[in-house]
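Shown next, in C-alpha cells, is the structure this report addresses.
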Amino acid sequence: MGKLFVISGSSGVGKGTLLKLFLSRNPEFKLSVSCTTRTPRDGEVHGINYFYLSQDEFQKLIDNNEFLEWAEFSGNRYGTQKAYVEKKLSEGKNLILELDTIGALNVKKIMPEAKLIFILPPSFDELEARLRGRHTETEDAIQKRLNSTKAEIERSTQYDYRIVNDDLDKAVEELENIMCS
Ligand code: 5GP
C-alpha cells in the first residue's frame, strides 16, 4: 500500500511550484487529480490539473456517494473520488491530495494514517502581493480568497506539520524530510 499525504495552503502561497519541484525530485509520489466545478485557468488541462465537471455532473457524484470528501470553496465545488484514491494506494503509489483545510480534516477523520501538511506564506502581505501579481482573477475573487485564507491558517493548527514557504529549496527539503523518511 502506498502512503497518503494531504497538502494545503492558500492559493498564491507557492504551493504549486513547491509541489512541482518535489514531484520532479521524487517520482514515486503521485499528485491526485480532483474534480471541480470551477472553470479552467489558462494552461490548465482536463484530467491533469482537475476533472472539470458541470454542476449536474458533480451533483451526480455526490448523490452516488462517490466522493471521499468534497467541499465548497470560493463559490466552487471541489471533490476527491474514493475509487481513485483506493486504486492509487493499492497500486503502491504514494499519493498527495491537494485539498482545502475542511477537506483535509475530513480525510484525516476517515483515514487517520494520512499525514496533513500545511504550507504557510512568509506573511499575509506577501500572499496578497503574490495573488495580485498572478493577474488571473478579479478583485472580488481575490478578496474572497484572502478571507478564506485567514480561516484556513487558523484551521492549520490541527495539522501534523506546517512549513513556511519563504525559500523554495529549504521548503522542498523540509517536505522531503517529512514525506520520504
Ligand atoms: P484552486 O481553485 O486554486 O485550484 O483551488 C482552490 C482550493 O481548492 C485550494 O485550496 C485547493 O487545495 C482546494 N482543492 C482542490 N481540490 C480539492 C478537493 O478535491 N477537495 C477539496 N476539499 N479541496 C480541494
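Some observations on this one:
- Per the Debye formula on identical point scatterers at the alpha carbon atoms of segment 16-114, with no solvent, log10 I(q)/I(0) at q = 0.12, 0.20, 0.21, 0.23 Å⁻¹ is -0.40, -1.14, -1.25, -1.43.
- Set of lysines with alpha-carbon distance to Lys3 below 24 Å, sequence-local pairs under 8 removed: Lys15, Lys20, Lys30, Lys82, Lys87, Lys88, Lys93, Lys108, Lys109, Lys115, Lys170
- The fraction of all Cα pairs in segment 70-167 landing in successive 5 Å bins from 0 to the largest distance is 2, 11, 19, 21, 19, 14, 9, 4, 0, given as whole percents.
- Summarising the strand pairing of segment 4-179, around 30 percent of its internal DSSP beta bridges are antiparallel.
- Projecting the Cα positions of Leu97, Leu146, Ser10 onto the charge dipole of the chain (unit charges on Cβ atoms of Lys, Arg, Asp and Glu, taken about the Cα centre) puts Leu97 furthest along the positive direction.
- Length gained on full extension, Glu173 to Arg132, computed as 0.36 nm times the residue gap minus the Cα-Cα distance: 12.0 nm.
- Between Leu146 and Lys20, the C-beta separation translates, for a Förster distance of 25 Å, into a calculated FRET efficiency of about 0.55.
- Full extension of the chain between Glu91 and Glu66 gives 7.0 nm of extra length, using 0.36 nm per residue less the Cα-Cα distance.
- Sequence of Val13, Val107, Val164, Val6 once ranked by neighbouring C-beta atoms within 10 Å, starting from the fewest: Val164, Val107, Val13, Val6
- Taking Cα centre as origin and charging only the Cβ of basic (Lys, Arg, +1) and acidic (Asp, Glu, -1) residues, the dipole magnitude of the chain rounds to 300 debye.
- Fewest neighbouring Cβ atoms within 10 Å first, the residues Thr101, Thr138 line up as Thr138, Thr101.
- Burial ordering of His135, His46, fewest other beta-carbon atoms within 10 Å first: His135, His46
- For segment 109-153, the residues whose backbone nitrogen is under 17 Å from a point 7 Å from the Cα of Leu31, taken along Cα to Cβ, are 117-120.
- Taking only Cα atoms of segment 4-179, radius of gyration then Dmax in Å: 15.6, 43
Each reported figure results from applying straightforward, stated rules to the coordinates on display, with no laboratory input. Because the structure is a prediction, the values reported are computed rather than measured. Note that each Cβ is placed from the backbone with ideal geometry, even for glycine, and that neighbours are counted across all protein chains shown.
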